[in-house]
Amino acid sequence: MDFGVVLQTNPPAARTVQLAKLAEAHGFSHVWTFDSHLLWEEPYVIYSAILAQTQRVTVGPFVTNPSTRDWTVTASVFATLNEMYGNRTICGIGRGDSAVRVTNGQPASLAELRESIHVIRELGNSRPVEYKGATLQFPWSRGSSLDVWVAAYGPLALKLAGEVGDGFILQLADVDIAAWMIKTVRDAAANVGRDPDALAFCVAAPMYIGTDRAHMRDQCRWFGGMVGNHVADIVKKYGHHGAVPDALTDYIAGRTGYDYNTHGRADNDHVDFVPDEIVDRFCILGTADEHIDKLRQLSSLGVTQFAGYLQHDNKEETLRVYGERVIPAIAEHVAAKS
């Protein structure tokens with residue numbers, strides 16, 4: 001299992017770069033960032049600084065979308081970074097949440113998402129692609145390599161992830177829900193003749209090393225609110241029961257709205273509807289041993305990367321304990337299984 005860290009590009013940008021360097025020093029392989037150009041600083045500029053000051057980590061958005069950036073521009077950024085720093089980029093993509101909603105936009109359709117994945121991946125891998133009636137290719141790009149991982153929750157989006165994604169991103173660490181969603185993606189891949197074992201499966205959630213359960217929950221409750229935005233869309237489309245596990249949909253009954261100005265922040269003031277049980281299930285909180293136990297369970301489901309959000313007040317200590325205890329323990333566990 002690989003390990004990634006998910007950062008917000010809040011100013012100063014040097015702080016994001018510092019955390020990325022620290023993550024690499026502690027054995028993390030990926031540095032992801034939010035991608036909302038109004039809420040935070042421009043991530044692609046910061047990727048260049050991260051890549052220049054590190055040696056190994058792969059960087060990318062968690063996640064971008066087809067609506068706020070022209071697809072050819074997105075692909076050009078990745079191909080350019082790969083030319084400058086070696087093939088150390090990755091593209092996480094979904095239908096769009098905060099980046100589009102703050103401008104009163106709507107998430108992209110699944111058809112748009114599917115087409116954008118194809119265009120971005122082909123151009124990002126130095127290949128030609130048909131786009132708007134023309135055959136396009138970067139004449140300057142040689143040997144660029146770019147995987148595209150798809151973030152999804154709903155049944156049709158999960159199906160798309162299995163059919164066309166190089167990987168699947170699930171933004172919650174509930175073991176039971178992860179099992180259902182991973183199986184759905186794997187089945188979708190198999191149904192179109194793809195090898196499910198060739199896909200990456202990334203689970204992402206806040207990771208907090210500590211012992212004060214109440215404090216950790218309060219620092220990470222924002223995550224249940226963020227997930228709730230996507231769940232609300234699913235419920236609107238499919239209803240409360242049947243399409244996805246009730247464990248994912250029941251908790252949003254008390255949800256009354258959402259303020260994107262505090263999106264992804266520990267001081268989010270409108271997520272009281274998220275119960276402690278959901279915080280515990282969706283996040284990974286507690287001692288190193290508690291983290292190791294849950295990550296072993298996720299590994300047994302076929303998860304190939306855990307990406308930990310660091311939007312809380314214990315960033316450095318969490319990274320240190322992961323580097324010293326958690327990552328080595330999971331590497332040992334995976335090696336013992338193989």
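Report note on the peptides 28-40, 325-337: ranked by the mean count of other C-beta atoms within 10 Å, highest first, their order is 28-40, 325-337. With the simple model of a label 7 Å out from the Cα in the direction of the Cβ, Q106 to D197 spans 4.2 nm. For the chain, DSSP calls about 10 percent of its internal beta bridges antiparallel. Using the Cα centre of the chain as origin and beta-carbon charges of +1 (Lys, Arg) and -1 (Asp, Glu), tell me which of V321, Y251, L81 is placed farthest towards the positive end of the dipole. Farthest towards the positive end: L81. Packing-based ranking of 217-225, 132-140 yields 217-225, 132-140, ordered from highest to lowest mean Cβ neighbour count within 10 Å.
About its Cα centre, how strong a charge dipole does the chain have in debye, to the nearest 20, once Lys and Arg get +1 and Asp and Glu get -1 at the Cβ? Please list the in-between numbers first.
Numbers: 30 positive and 40 negative charges, 143 e Å.
Computed about the Cα centre, the dipole is about 680 debye.
Tell me which label goes with the value of semi-axes √(5λ) of the Cα gyration tensor in Å computed from the coordinates here: (i) 43, 25, 18; (ii) 35, 23, 18; (iii) 28, 24, 21. Derived directly from the coordinates: (iii). Taking all protein chains as present, what is the carbon and sulfur share of the accessible area of the chain, in % to the nearest whole number, probe 1.4 Å? Roughly 49 percent, rounded to a whole number. Counting 0.36 nm for each residue step from D272 to E324 and taking away their Cα separation leaves a gain of 15.3 nm. In the full protein context, the stretch 107-167 carries 42 Å² of accessible surface per residue, based on a 1.4 Å probe and ignoring ligands, DNA and RNA. Here the label points at T211 and A331, each 7 Å from Cα along the C-beta direction, are separated by 2.8 nm in the simple model. With a cut-off of 11 Å between beta carbons, the residues surrounding T74 carry a summed charge of 0, where Lys and Arg count +1 and Asp and Glu -1.
In the chain, helices alone account for a calculated mean residue ellipticity at 222 nm of -14000 deg cm²/dmol, with every DSSP H run of four or more residues adding -39,500 (n - 2.57).
The values are calculated or read from the model by the stated rules, or taken from the named source; none is laboratory data. Every value quoted in this text rests on a predicted model; they were computed, and no experiment measured them. For neighbour counting, all protein chains shown are included, and Cβ atoms are generated from backbone atoms with ideal geometry for every residue, glycine included. When the accessible area is computed, the model is the full protein with side chains, heavy atoms only, and any ligands, DNA or RNA have been set aside. Shrake-Rupley method; radii C 1.70, N 1.55, O 1.52, S 1.80 Å.
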